[in-house]
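Asks: Have a look at this one before I ask anything.
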Amino acid sequence: MRKIVYFFLSMFFLLVGCSDEEQAQEIEGNEAETKEQVEEPASGEESFANIYPLTGIGTNEPVNNRIVSVMVNNHKKARPQSGLSQADMVFEILAEGMITRFLALYQSELPDVVGPVRSAREYYFELANNYNALYVYHGAAEFIDDMIVNRGVHFLNGSTYDNDGHLFKRESFREAPHNSYLQLGAAYDVAESKGYEITADYEPLPFLSEDEVDDLTGQPAQHAEIVYSESYSFANVQYDYDETTQSYTRSSDRQQTVELETEEPIQVENLFIVETHHEVIDDVGRRSIDLENGGDAYLLQKGIVQEVEWENHNGRIVPVKDGIEVGFVPGQTWINVVPSSPGIEQTVTISNES
């Protein structure tokens, strides 16, 4: 009889133990589910496996294609250009005289055609090299070509492939030197044939989260005008904020900058205007431009301007405030470089009127 009692007591405690364990597991499962629900981003930001390092835009695709940088002509006879609307980042800097030239950086989008393509300058190929980009240009003074080779820049020179129909094509609707166009789809193949790496890993630029974008503060900035020349209006640039797209559209001499083929306007989420020392170094008017030592800057985003500084961080030009990097809004960025003489305050006008 005693053995029977012990048997039933054992079974009772076993059943109670199992029941307690099941309840504990159920509680733990409920707690985990609740915790998982709580940890979901309150802003509803979508999660991606990767982000494009120059735009901060998320993607689940691999992001390891090497950046391609292209010297794009901005002479009035070269407008409108092709491919600028798909550039992740564009630097606009004075070349000779009061005419600017573009260095357009491509990675997240690769248009079929970019151009017209123009000749190299030292500060442009140094920028490209600092961003670990392939540098594409068409022609240069012999000493510039020598610099490019001697400094180990990975380059594709249109003079070598002039009108080959594969990498470069001369178009009949424009006259030289405003008619050489890069066939961007061939750039990686040609680069690889030269022994260059066509894949690379990049540290992303600083970018704002959705909440940080919503919390942006500064002065209203619906319109910005950059006067590169008092004498030649075709050299001057305007940006106007579009509330619908929450981006800035660009104009040259008050004519909107658009794509040649589609008439799609150039729209950028970040307008970064930086001031630095410029110096004319020869009779032709070539310049030396300091892109190393930092200076004053304006950062325009979402219809707001912040007075910041720019610094060169590992070769990349970034906004800084109180010693801390300021994030870009995810999207495209245009960086306009202006001379420290007469200075950014005299060269740039920012207002709240379009």
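Just so it is clear, none of the values below were taken in a lab; they were calculated from the coordinates. The model shown is predicted, which means the values in this text are computed figures rather than measured ones. Here the Cβ positions follow ideal geometry from the backbone for every residue, glycine too, while neighbour counts run over all protein chains shown.
Asks: Calculate, for GLU46 and ASP164, the FRET efficiency according to 1/(1 + (r/R0)^6) with r their C-beta to C-beta distance and R0 45 Å; round to the nearest 0.05.
Replies: That gives a FRET efficiency of 0.60.
Asks: If each of THR59 and LEU110 carries a label point 7 Å out from its Cα toward its Cβ, how far apart are those two points in nm?
Replies: Going by the 7 Å Cα→Cβ label model, 1.0 nm.
Asks: How large is ³J(HN,Hα) for each residue in segment 329-340, as worked out from phi by the Karplus curve 6.51 cos²θ - 1.76 cosθ + 1.60 (θ = phi - 60°), to whole Hz, x for Gly and Pro?
Replies: Ordered by residue, 3J(HN,Hα) equals 6, x, x, 8, 10, 10, 10, 9, 9, 10, x, 6 Hz.
Asks: Using 0.36 nm per residue, how much length does the chain from HIS313 to SER172 gain when fully extended, once their Cα-Cα distance is taken away?
Replies: Fully extending the segment from HIS313 to SER172 adds 46.5 nm.
Asks: Rounded to the nearest 0.05, what FRET efficiency is calculated for HIS277 and GLN219 with R0 set to 30 Å and r the Cβ-Cβ distance?
Replies: With R0 = 30 Å, the Cβ-Cβ based efficiency is 0.70.
Asks: Under the rule a/c < 1.5 gives rounded, and otherwise a/b versus b/c splits prolate from oblate, where does segment 248-303 land using the Cα gyration tensor?
Replies: Judged from the Cα gyration tensor, segment 248-303 comes out oblate (a/c at least 1.5, b/c at or above a/b).
Asks: Would you pull out the residues with amide H under 5 Å of ARG287's amide H, same chain only if 5 or more places away, H placed 1.01 Å from N?
Replies: Answer set, sorted by chain and number: ILE281.
Asks: I would also like to ask the following. I'd like the distance between the alpha-carbon centres of segment 109-132 and segment 205-249, rounded to an integer number of Å.
Replies: 23
Asks: Among TYR161, TYR188, what is the fewest-to-most ranking by other Cβ atoms within 10 Å?
Replies: Final ranking by Cβ density, sparse to dense: TYR188, TYR161.
Asks: Tell me which of SER354, ALA120, PRO204 sits at the most positive position along the dipole axis of the chain, charges placed on C-beta atoms (Lys, Arg +1; Asp, Glu -1).
Replies: About the Cα centre, the residue reaching furthest to the positive side is ALA120.
Asks: Let me ask something else about it. What translational D, rounded to a whole number of µm²/s, comes out for segment 121-208 from Stokes-Einstein when the hydrodynamic radius is the Kirkwood one over Cα pairs, at 10 °C and 1.306 mPa s?
Replies: My calculation gives 111 µm²/s for D.
Asks: So what's segment 210-351 giving for Cα Rg divided by 2.2 N^0.38 Å, two decimals?
Replies: Against the empirical 2.2 N^0.38 Å value, I get 1.07 for segment 210-351.
Asks: Continuing with this model, one more query. Quick check: the angle from helix 2-39's long axis to the longest principal axis of the chain, C-alpha only, nearest 10 degrees?
Replies: Approximately 20 degrees, to the nearest ten.
Asks: Mind checking Rg over Rh on segment 162-277, alpha carbons, Kirkwood formula for Rh?
Replies: 1.05
Asks: Let me ask you something else. Which value, in Å to one decimal place, does the Kirkwood hydrodynamic radius take for segment 199-243 when every pair of different Cα atoms is included?
Replies: When all Cα pairs of segment 199-243 are included, the Kirkwood radius is 14.4 Å.
Asks: May I ask for the equivalent-ellipsoid semi-axes of segment 50-193, computed as the square root of five times each C-alpha gyration tensor eigenvalue and listed largest first in whole Å?
Replies: After diagonalising the Cα gyration tensor, the semi-axes are 22, 17, 16 Å.
Asks: Could you check what % of the DSSP bridge pairs in the chain are antiparallel, to the nearest 5?
Replies: 80
Asks: While we're looking at this one, here's another question. Taking every DSSP beta bridge that has both residues in segment 50-193, what percent is antiparallel when rounded to the nearest 5?
Replies: Percentage antiparallel, nearest 5: 75.
Asks: Each residue of segment 84-97 in turn: what ³J(HN,Hα) in whole Hz from Karplus with 6.51, -1.76, 1.60 and θ = phi - 60°, glycine and Pro shown as x?
Replies: The phi angles translate into 5, 5, 9, 6, 5, 8, 10, 9, 10, 9, 5, 9, 8, x Hz.
Asks: How high is the FRET efficiency from GLU353 to ASN130, r the C-beta distance, R0 45 Å, rounded to 0.05?
Replies: It comes out at approximately 0.75.
Asks: Please list, in order along segment 141-157, the HN-Hα scalar couplings obtained from phi with the Karplus expression 6.51 cos²θ - 1.76 cosθ + 1.60 (θ = phi - 60°), rounded to whole Hz, x for Gly and Pro.
Replies: Computed from phi, the couplings for segment 141-157 are 4, 4, 5, 6, 4, 5, 4, 4, 5, 5, 8, x, 6, 7, 9, 10, 9 Hz.
Asks: List the residues whose amide H sits under 5 Å from the amide H of ALA221, counting only those 5 or more places along or on another chain, with H placed 1.01 Å from N in the peptide plane.
Replies: Long-range HN contacts for ALA221: ILE304, VAL305.
Asks: Also, I was wondering about something else. Which far-off residues, 5 or more places away or on another chain, put their amide H under 5 Å from the one on HIS278, with H placed in the peptide plane?
Replies: Counting only residues 5 or more places away or on other chains, the set is SER340, SER341.
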